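Comments concern the structure below.
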Amino acid sequence: MSFPTGPHEEERLQALLETGALESKPDPALDKICEEVRANFDVPMCTITLLDRARQLIRAAEGLETGETSRDVAFCNYTILSDEVFVVEDALADERFRNNPFVAGAPHIRSYAGAPLIFLKDIRLGALCLLDTKPRTFSRGDKAELQLFADRVVREIAKQELERAAHP
């Protein structure tokens, strides 16, 4: 694997499967959160991503298409390593990302801020991501606000899991 993984990767993958969140049908509730976050932070792109063993599923997006990428190009691999918001102020200046195809080519990501989707202790399903085409800094307040939005995403995923269990 060419990306970092945390010590609880297998438990994380199991929880991700159990939630049913990998189902790729459109989700208006998650789309609405992306729309709000994009407007709130005035960024061109916002995504909600989930990371399975080999791919990054873009579950909802504003400013980008939903779909999937191979996991090895996902900035979110770093986001899910801790409970802290992960920020890359300038991807071209960061060794880990300067050769990433999404930095070198379309959509020309220059800055990234990702809040982990904390499902359970040590279990982070993916990330709520802000993407910009220019370098950008994020204050402590910005990070706290982004994490609050990410918590809303997790509540929505949990709510949908409960609904699926109640109506199989």
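If you put +1 on each Lys and Arg Cβ and -1 on each Asp and Glu Cβ, how big is the dipole of region 65-168 around its Cα centre, in Debye rounded to 20?
80
Nearest 10 degrees, 0 to 90: what angle lies between the long axis of helix 140-166 and the longest principal axis of the chain (Cα atoms)?
Tilt relative to the chain: about 30 degrees.
So, for the chain, what is the accessible surface per residue at a probe of 1.4 Å, expressed in square angstrom?
Accessible area per residue, the chain: 50 Å².
Ignoring everything except DSSP H segments at least 4 long, calculate the 222 nm mean residue ellipticity for the chain; use -39,500 (n - 2.57) per segment, divide by total residues, nearest 500.
Per the formula, -11000 deg cm²/dmol.
For the Cα atoms of the chain, what angle does the longest principal axis make with the long axis of helix 9-19, in degrees from 0 to 90, nearest 10?
60
Leaving out ligands, DNA and RNA, what percent of the accessible area of region 99-168 is carbon and sulfur, probe 1.4 Å?
Here it works out to 58 percent.
May I ask you to give the percent of accessible area on region 1-86 that is carbon plus sulfur, with a probe radius of 1.4 Å?
Exposed carbon and sulfur together represent 50 percent of the surface.
Taking the Cβ of residue 98 as the centre, find all other residues whose Cβ is under 14 Å away and add up their charges (Lys, Arg: +1; Asp, Glu: -1).
Its environment carries a net charge of -2.
The values are calculated or read from the model by the stated rules, or taken from the named source; none is laboratory data. Please read these numbers as outputs of a predicted model, since none were measured by experiment. Every residue, glycine as well, gets a Cβ built from its backbone with ideal geometry; the counts of neighbours run over all protein chains shown. Side chains included, ligands, DNA and RNA excluded: accessible areas come from the protein's heavy atoms. Shrake-Rupley method; radii C 1.70, N 1.55, O 1.52, S 1.80 Å.
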